[in-house]
Amino acid sequence: METYTVIKKGKSVQHCLKIPPEFINKDLEITIKPIRPRGKIREKIENILKKHENTKPFKSISDPVKWQKETRSDW
């Protein structure tokens, strides 16, 4: 992915970017890059579930509440 970097004075970009007042007279480095299209998450999940419809990833979990608590404690 290509990125572009420019150096501009704060006052030259304040009309289009919200910047703190202390940056108005400073040189600012601005990096620009395109955002990757993400698509719709629902569609992605549906496609994954359709592709793996015979897979039961949670069948070995006998106590879901206990499993959730253990999983959260890892964070």
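The values are calculated or read from the model by the stated rules, or taken from the named source; none is laboratory data. The structure presented is a predicted model; accordingly, all values stated were derived computationally and were not measured. Because the Cβ atoms are built from the backbone with ideal geometry, glycine has one as well, and the counts that use them run over all protein chains shown.
Check whether at least one residue in the stretch 3-26 is assigned to a helix (DSSP H, G or I) and touching a helix residue (DSSP H, G or I) at 6+ places or on another chain (Cβ under 6 Å), and report yes or no. Yes, the stretch 3-26 contains at least one residue that is assigned to a helix (DSSP H, G or I) and touching a helix residue (DSSP H, G or I) at 6+ places or on another chain (Cβ under 6 Å). Based on this model, can you work out whether K33 counts as within 20 Å of the chain's Cα centre (by Cα), among the basic types (K, R) and modelled with pLDDT of 90 or more? Yes; evaluated as a whole, the condition is true for this residue.
Working carefully through the options I30, I35, I61, I45, find the one that is in a loop (DSSP other than H, G, I, E, B) and surrounded by 10 or more Cβ atoms within 10 Å (Cβ to Cβ). Result of the check over I30, I35, I61, I45: I61.
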